[in-house]
Structures are given as C-alpha cells and as structure tokens.
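Engineer: I'd like to ask you about the structure that follows.
No value in this document is a laboratory result; all are computed from the given coordinates. The structure presented is a predicted model; accordingly, all values stated were derived computationally and were not measured. All Cβ positions, glycine included, derive from the backbone under ideal geometry; neighbour counts span all protein chains shown.
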2 protein chains.
Amino acid sequence: MEHNLQHTISLLTRTPVALNALLRDLPETWTVRNEGESTWSAFDVVRHLIHGERTDWMPRARIVLQFGETQTFEPFDRWGHMREYQGMLLGQLLDEFARLRSENLSELRALKLRREDLERRGRHPALGVVTLSELLATWAVHDLTHLHQISRVMAHQYREAVGPWSGYLGVLQCAGHSSP
Amino acid sequence: MEHNLQHTISLLTRTPVALNALLRDLPETWTVRNEGESTWSAFDVVRHLIHGERTDWMPRARIVLQFGETQTFEPFDRWGHMREYQGMLLGQLLDEFARLRSENLSELRALKLRREDLERRGRHPALGVVTLSELLATWAVHDLTHLHQISRVMAHQYREAVGPWSGYLGVLQCAGHSSP
C-alpha cells in the first residue's frame, strides 16, 4: 500500500490519546516493570516517544526539505531518553508527549506537502538515501512498534499468572523483534 | 508476578477506551485491511473481543463458581464472531464492546471475590484443570494479545511505505505467534 499523508496524520494524532487511555493511572505493576535487564517498561517507552518528537521526526523532515541529501541526519540516540525526563510522573510524560505530538503535527500540516515534496530525498547515517514519504510513514509505524512493545511488556507481567493458558496467548510467545 | 484482581480489573477497564481512542473514525486503510487470507483486521479483532465478552470470560467464571471442575467449559469458538455483528460499523462495534465489558466488570466486582474464591478450580476442554485466578488473568492478557495483533496488522499496511526503515521496526518483523 502506498503512503498516504492524511492516513499517516490520522494515526499519529491518535497514538497519544490511545496511550493516555491505556496507561494513565494504571497500577505501576503494569507501567514501570520491564522484561528484564536492559529492556524497557511502558514508562520508558513513553519517554522514548517524547525523545523522538523532540529530536527525530520533524527535525529530520526539516533537514530533507532544507538540505536534501547534502546534510546527513544526526544519528537518533535510542537511549537518549534515559538521560532526560528524570523524576517525571507517567501522567506528566503522557501530557508532554501529547503536547509535542500536537505541535509537530501542526507544523507538518502547515507545510502543505505536495506529492513532489514527499518524493524529496534525504540522507540517513546508516540507511543512505531515504525519502520524506518514507520518513513520515516510519513515524507512524514507529508508534505502532511501540504499542506492540508496550502490550508485550505488560503481558509479560502476567506470564505465570495465566497458568496453562500461556500457550494460547500469542503476545507471550513474542520475544521482541527490534535490534538492541 | 502473582495475579492481582484489582490490577486485572484496572487493565480490563482501559482496553475499550484505548481501542476507541486508537480506532474510532480512523481511515479504513488501517481498520479493515488484514495481513492476508484467513487473517484478521482490527475490525475483526473488535468483533472477536465482543464475542469473548458474550461467551467466554464471565460465562466461564460463573461455571467455575457454580460447578467447579464438574462442568467442562464450552469450547470457545475463535471464529464465532464471523457469523455475528454483520453489517455493523466499527463505531457501533466499539460501543458494543465498551457496553459489554462494563456490564461484565460490574458483575465481576459484585462477586466480591476473596482469595479462596480465586483458587477455585474449573475444567477447560483442552487444558484441563484451571483456576478462576488464571481465567481472570488470561482475560487481561487476551486483551493485550489483541492490542499486540492490532498494532501488527496496522503496521503491515505500511510495510512497503517505510522503505529501508523496515529493518529497524520490530513490529514488521513479527510474524504473529498465535495458533491458527
């Protein structure tokens, strides 16, 4: 299926609302536990999403539009969020994510991108040439990757509690699929 | 981690709200497409969740409390939803899921289950002896399994659109983990 900017924006708009509905005021059993050493909790994922809003998606889109392939993107620091947003409560993080996402989508809409803009090319430090269309589609699928991860991390907390049903529950068979 | 009934109810309460926030009025690109033949769209998953509210979780809990191990649960029909809820719009299905879940949680709370109630045993047609505690924990993880599935099915629609980023997006590496 081809990338459709309006469909991408529709999804990007909903992620903060969906995460808010799922996570706000949920017992910490679900939100601060992870899957073991060097893994992320739902809390960590929200911090990572905030970090992406600040340093990844729209900053890279601006680089493509201003410099094309001549300026390589800054590498995104997948652990960058660990140094920031210390001491914030989950409710505050959810608010911050919603605020930044809303600002970024306002900026994106204001660009009034045309089909030829979406075909503009930038340069990723590892992947090489990428298009603005691919960057924006990735922003949406990145949300879904982390919704996928959050559901898995939460399910992990009840791995023993479900007893013999564990074999029927697909999410408990998922070992995660991201590179470290 | 041990099963905690209040934590289970907290999660079960949020699933309809989170799915509503994610899916309502989203373009059909995201909600009615699946991953190929004999797979489910987000739309199908919501129908399946409704079917579970009607025929699986609380009906089985009642059987455990009334008959213990002497009455085997009816097998749950994983494709049962395909015969029902025909012609309903996604918004109507989300409303119906929220309504049934709310009713079921009211009934669950009204039971005022004590620790010894949660240890009561029932008989699953394939798994054999299970406890009420395991049944209720499974209800919560079943929600998470389908949130996991929905995020994967939606991401699949942009598999090509993300271009070279596909290797970085864990959700696109997930082949699903449930038995057919």
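Engineer: How much length is gained on full extension from residue A:13 to residue A:77, taking 0.36 nm per residue of separation minus their Cα-Cα distance?
Structural biologist: Contour length minus Cα-Cα distance gives 20.7 nm.
Engineer: Testing the spin-label approximation: label points 7 Å from Cα along Cα→Cβ at residue B:70 and residue B:54. State their distance in nm.
Structural biologist: Output for this residue pair reads 3.0 nm.
Engineer: Which semi-axes, in whole Å and largest first, does the equivalent ellipsoid of region A:92-174 have when worked out from the alpha carbon gyration tensor as the square roots of 5 times its eigenvalues?
Structural biologist: Whole-Å semi-axes of the equivalent ellipsoid: 36, 18, 10.
Engineer: Search the structure for amide H atoms under 5 Å from the amide H of residue A:129, placed 1.01 Å from N in the peptide plane, and list their residues when 5 or more places away or on another chain.
Structural biologist: The answer is A:124.
Engineer: While we're on this one: With all distinct Cα pairs included, what does the Kirkwood hydrodynamic radius of chain A come out to in Å, to one decimal, could you say?
Structural biologist: 17.6
Engineer: Apply the Kirkwood formula to region A:127-170: the hydrodynamic radius equals the inverse of the mean of 1/r over all pairs of different alpha-carbon atoms; give it in Å with one decimal.
Structural biologist: 12.9
Engineer: Arrange the peptides B:27-37, A:105-115 so that the one whose residues have, on average, the most other Cβ atoms within 10 Å appears first. Walk me through the numbers on the way to the answer.
Structural biologist: Details: B:27-37: 15.0, A:105-115: 12.0.
Sorting B:27-37, A:105-115 by mean packing, highest first, produces B:27-37, A:105-115.
Engineer: Starting with the highest mean, order B:167-177, B:8-18, B:134-144 by the number of other Cβ atoms within 10 Å, averaged over the residues of each peptide.
Structural biologist: My ranking of the peptides, most packed first, is B:134-144, B:8-18, B:167-177.
Engineer: Taking each residue of B:20-27 in turn, how many C-beta atoms of other protein chains fall within 10 Å of its C-beta, and what is the average?
Structural biologist: 5
Engineer: Taking just the alpha carbons, could you work out the radius of gyration and Dmax for region A:47-117, both in angstroms?
Structural biologist: Cα-based Rg and Dmax for region A:47-117 come out at 14.0, 44 Å.
Engineer: Still on this structure, I have one more. For chain A, what is the calculated [θ] at 222 nm in deg cm²/dmol (nearest 500), taking -39500 (n - 2.57) for each run of four or more DSSP H residues and dividing by its residue count? Don't skip to the answer; put the middle values down first.
Structural biologist: On the way: 8 runs with 102 residues, N = 180.
Taken over chain A, the calculation gives -18000 deg cm²/dmol.
Engineer: Taking chain A as a Gaussian network, where each spring joins two C-alpha atoms under 10 Å apart, which residue of A:46, A:162, A:129 fluctuates the most?
Structural biologist: A:162
Engineer: Using the crude model of +1 on Lys and Arg Cβ and -1 on Asp and Glu Cβ, and no other charge, please compute the dipole size for chain A relative to its Cα centre, in debye to 20.
Structural biologist: On the way: 20 positive and 22 negative charges, 67 e Å.
It comes to approximately 320 debye.
Engineer: Which value in nm describes the separation of the simple spin-label points at residue A:126 and residue A:1, placed 7 Å from the Cα toward the beta carbon?
Structural biologist: In this crude spin-label approximation the distance works out to 2.7 nm.
Engineer: Read phi for every residue in region A:118-129 and hand back ³J(HN,Hα) as whole Hz from Karplus 6.51 cos²θ - 1.76 cosθ + 1.60, θ = phi - 60°, with x for Gly and Pro.
Structural biologist: Working through the residues one at a time gives 5, 8, 5, 10, x, 10, 8, x, 10, 8, x, 6 Hz.
Engineer: Dipole size in debye (nearest 20) for region A:78-171 around its Cα centre, Lys and Arg Cβ +1, Asp and Glu Cβ -1?
Structural biologist: 240
Engineer: Please state the charge dipole magnitude for region B:39-127, taken about the Cα centre, from unit charges on C-beta atoms (+1 on K and R, -1 on D and E), reported in debye and rounded to the nearest 20.
Structural biologist: So the dipole magnitude of region B:39-127 works out to roughly 280 debye.
Engineer: Whole-Hz ³J(HN,Hα) for each residue in region A:97-102, computed from phi via Karplus 6.51 cos²θ - 1.76 cosθ + 1.60 with θ = phi - 60°, x for glycine and proline: what do you get?
Structural biologist: 4, 4, 5, 5, 4, 4
Engineer: Once amide H atoms are built 1.01 Å from N in the peptide plane, which residues 5 or more positions from residue A:35, or in another chain, come under 5 Å H to H?
Structural biologist: Here the answer is A:40, since their amide H atoms fall under 5 Å of that of residue A:35.
Engineer: Can you work out ³J(HN,Hα) from phi for every residue in region A:36-44, in order, using Karplus 6.51 cos²θ - 1.76 cosθ + 1.60 and θ = phi - 60°, giving whole Hz and x for Gly and Pro?
Structural biologist: x, 3, 6, 10, 10, 8, 4, 4, 4
Engineer: Still on this structure, I have one more. Quantify how strongly other chains surround peptide B:1-13 by giving the mean number of their Cβ atoms within 10 Å of each of its Cβ atoms.
Structural biologist: Numbers: counts 8, 4, 5, 5, 0, 2, 8, 4, 1, 5, 9, 0, 1.
Taking all residues of B:1-13 together, the mean is 4.
Engineer: Could you work out Rg/(2.2 N^0.38 Å) for the protein assembly as shown, with Rg from alpha carbons only? Working shown, then result.
Structural biologist: Details: Rg = 21.2 Å, N = 360, 2.2 N^0.38 = 20.6 Å.
Dividing the Cα radius of gyration by 2.2 N^0.38 Å gives 1.03.
Engineer: Ok, one more. What distance in nm separates the two pseudo spin-label positions at residue A:117 and residue B:25, each 7 Å out from Cα along the beta-carbon direction?
Structural biologist: Between residue A:117 and residue B:25, the simple spin-label model gives 2.4 nm.
Engineer: A further question on this structure: Given a Förster distance of 35 angstrom, what is the FRET efficiency for residue A:84 paired with residue B:89, based on the Cβ-Cβ distance and rounded to 0.05?
Structural biologist: Details: r = 42 Å, r/R0 = 1.20.
Computed FRET efficiency for residue A:84 and residue B:89: 0.25.
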